[in-house]
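Have a look at this one before I ask anything.
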Amino acid sequence: MLNTIVTTDRKYHRDSIELAEKAAEKLGIQLIKRNRASLETLRENYGVENVLIAKRGSYTLDTPEGELFFHPNMAQLRIKNIRMGDGDHMTKAMDLREGMSVLDCTLGFGADSIVASFVTGETGSVIGLEASPLIAFVTSEGMKQFLATNYELHSAIKRVQVINADYNDYLKQLPDKSVDVVYFDPMFRYPLRDSHNINPLRSVADHRPLSMSAVEEAKRVARYRVVMKETSHSKEFSRLGFGEIAGGKHSKVHYGVIRL
Ligand SMILES: C[S@@+](CC[C@H](N)C(=O)[O-])C[C@H]1O[C@@H](n2cnc3c(N)ncnc32)[C@H](O)[C@@H]1O
């Protein structure tokens, strides 16, 4: 069903085998002994599109659109900007402060969740939902294993709670006004092809558009704001009732805001 097998890198390491076993069990996918085979040979032999590779302490998902793995590069840069006083368009759109709670409905690689977690701090909380079991697995395992040298980044990553769930189901189970901010960053209706960091995600991500009923649920669940990221001038903002638009004047992406 996941169109994926798991294996190790070509060199034999006990740690990699254990990691591969863990992924096979958790995701219910077949574990294949590598035997120095190329990824192309494995794809052909097992008739799958994706190969999850366990390699000493981390996972990489090799997809037809590129390699998907966790790295907090973008989050790190944005956190640096916040610390330098330059701010961040997403957290400004959320009007996010220390101690607040965020439900990030579209975790992906986790950059937005990590930045939100940095701002909300130790007294706040961030839950990241991800519908794709593969993306949820690679990001959550990456977050667990990543050792950042910078303490603030490290603790921001570790505080994010990852849940493999569809926001359409998850939101319905939450009580009214139970989190401060509900955030959506769905796959854009018209992708920005030059966003190379998102490309590897495309073949395994959930591409369904955000629905009006999910926005209604988000408005019920959020105490303070519902925020959605889309490309600048996207018709999704008006279709879904995001009347207020925030973000950089010349930026390719904007944030729709619903104040509650
Ligand atoms: C554009 S990416 C998000 C990127 C993310 N904000 C980041 O900072 O890395 C969108 C993600 O949302 C996920 N997604 C789409 N629909 C979803 C749903 N109904 N429930 C949970 N996750 C969903 C996709 O699988 C994809 O990984």
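The values are calculated or read from the model by the stated rules, or taken from the named source; none is laboratory data. Computed from a predicted model, the values in this text were never measured in an experiment. Here the Cβ positions follow ideal geometry from the backbone for every residue, glycine too, while neighbour counts run over all protein chains shown. The area values use the complete protein model at the heavy-atom level, side chains included, leaving out ligands, DNA and RNA. Shrake-Rupley method; radii C 1.70, N 1.55, O 1.52, S 1.80 Å.
Is it the case that LEU171 is within 11 Å of the ligand (Cβ to nearest atom) and over 27 Å from GLU65 (Cβ atoms)? It would help to see each step written out before you state the result.
Numbers: within 11 Å of the ligand (Cβ to nearest atom): yes; over 27 Å from GLU65 (Cβ atoms): yes.
Considered against the rule, which asks whether it is within 11 Å of the ligand (Cβ to nearest atom) and over 27 Å from GLU65 (Cβ atoms), LEU171 comes out as yes.
Yes/no per residue for (1) within 13 Å of the ligand (Cβ to nearest atom); (2) more than 14 Å from the chain's Cα centre (by Cα):
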site: MET143; (1), (2): yes, no
site: ILE157; (1), (2): yes, no
site: VAL162; (1), (2): yes, no
site: ASP166; (1), (2): yes, no
site: ASP185; (1), (2): yes, no
site: LEU210; (1), (2): yes, yes
site: ALA218; (1), (2): yes, yes
site: ARG225; (1), (2): no, yes
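Okay, moving on. Take the stretch 67-81 and flag every residue that is touching a helix residue (DSSP H, G or I) at 6+ places or on another chain (Cβ under 7 Å) and either of a type in the set (Ser, Thr, Tyr) or surrounded by fewer than 15 Cβ atoms within 10 Å (Cβ to Cβ) (or both). Show your work before the answer.
Quick first cut of the stretch 67-81, residues touching a helix residue (DSSP H, G or I) at 6+ places or on another chain (Cβ under 7 Å) only: 67-70, 72, 74-76, 78-79.
Answer for the stretch 67-81, where residues must be touching a helix residue (DSSP H, G or I) at 6+ places or on another chain (Cβ under 7 Å) and either of a type in the set (Ser, Thr, Tyr) or surrounded by fewer than 15 Cβ atoms within 10 Å (Cβ to Cβ) (or both): just GLU67.
Kindly provide the set of residues from the stretch 126-142 that are in contact with a helix residue (DSSP H, G or I) (Cβ under 7 Å, 6 or more places away or on another chain) and outside any helix (DSSP H, G or I), ordered by number.
VAL126, GLY128, LEU129, GLU130, listed by residue number.
Which of (1) closer than 26 Å to HIS196 by Cα; (2) in contact with a helix residue (DSSP H, G or I) (Cβ under 7 Å, 6 or more places away or on another chain) does GLU40 not meet, given it meets every other one?
In the conditions (1) closer than 26 Å to HIS196 by Cα; (2) in contact with a helix residue (DSSP H, G or I) (Cβ under 7 Å, 6 or more places away or on another chain), GLU40 misses (2) alone.
Given the residues ARG56, ARG36, which is the only one that is in contact with an Asp or Glu (Cβ under 6 Å, 6 or more places away or on another chain) and open to solvent by 60 Å² or more (accessible area, probe 1.4 Å)?
On the way: ARG36 fails: in contact with an Asp or Glu (Cβ under 6 Å, 6 or more places away or on another chain).
Within the list ARG56, ARG36, the selection yields ARG56.
Mind listing whichever residues of the stretch 1-28 are open to solvent by less than 20 Å² (accessible area, probe 1.4 Å) and among the β-branched types (Val, Ile, Thr)?
THR4, ILE5, VAL6, THR7, THR8
Looking at the stretch 21-123, what helices (runs of 4 or more DSSP H) fall wholly within it and have at least 1 residues that are of a type in the set (S, T, N, Q) and either within 16 Å of the ligand (Cβ to nearest atom) or assigned by TED's automatic domain parsing to the domain that holds TYR183 (or both)?
Details: elements: 39-46, 73-83, 89-94, 111-120.
Fully inside the stretch 21-123 and qualifying: 73-83, 89-94, 111-120.
Each row is one residue, and each column tells you yes or no for (1) small (Gly, Ala, Ser); (2) farther than 14 Å from PHE188 by Cβ; (3) touching a Lys or Arg at 6+ places or on another chain (Cβ under 6 Å).
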site	(1), (2), (3)
ALA214	yes, yes, no
ARG220	no, yes, no
TYR224	no, yes, no
LYS229	no, no, no
LYS235	no, no, no
ARG239	no, no, no
ILE245	no, yes, no
ILE258	no, yes, no
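Continuing with the same structure: Inspect the stretch 125-137 for any residue being away from the ligand (no atom under 11 Å from the Cβ), open to solvent by 20 Å² or more (accessible area, probe 1.4 Å), hydrophobic (A, V, I, L, M, F, W, C) and in contact with a strand residue (DSSP E or B) (Cβ under 8 Å, 6 or more places away or on another chain) and give the result as yes or no.
yes
Looking at the stretch 189-198, can you tell me whether even one residue there is out of contact with any strand residue (DSSP E or B) (no Cβ under 9 Å at 6 or more places or on another chain) and away from the ligand (no atom under 14 Å from the Cβ)?
yes
Any idea how many residues of the stretch 59-93 are among the β-branched types (Val, Ile, Thr) and closer than 19 Å to LYS229 by Cβ?
3
When the stretch 138-163 is examined, which residues are found to be within 23 Å of ALA205 (Cβ to Cβ) and open to solvent by less than 30 Å² (accessible area, probe 1.4 Å)?
VAL138, THR139, SER140, GLU141, GLY142, MET143, ILE157, VAL160
Has the stretch 83-105 got any residue that is touching a residue at least 60 places away in the same chain (Cβ under 8 Å) and within 11 Å of the chain's Cα centre (by Cα)?
Among the residues of the stretch 83-105, at least one is touching a residue at least 60 places away in the same chain (Cβ under 8 Å) and within 11 Å of the chain's Cα centre (by Cα), which makes the answer yes.
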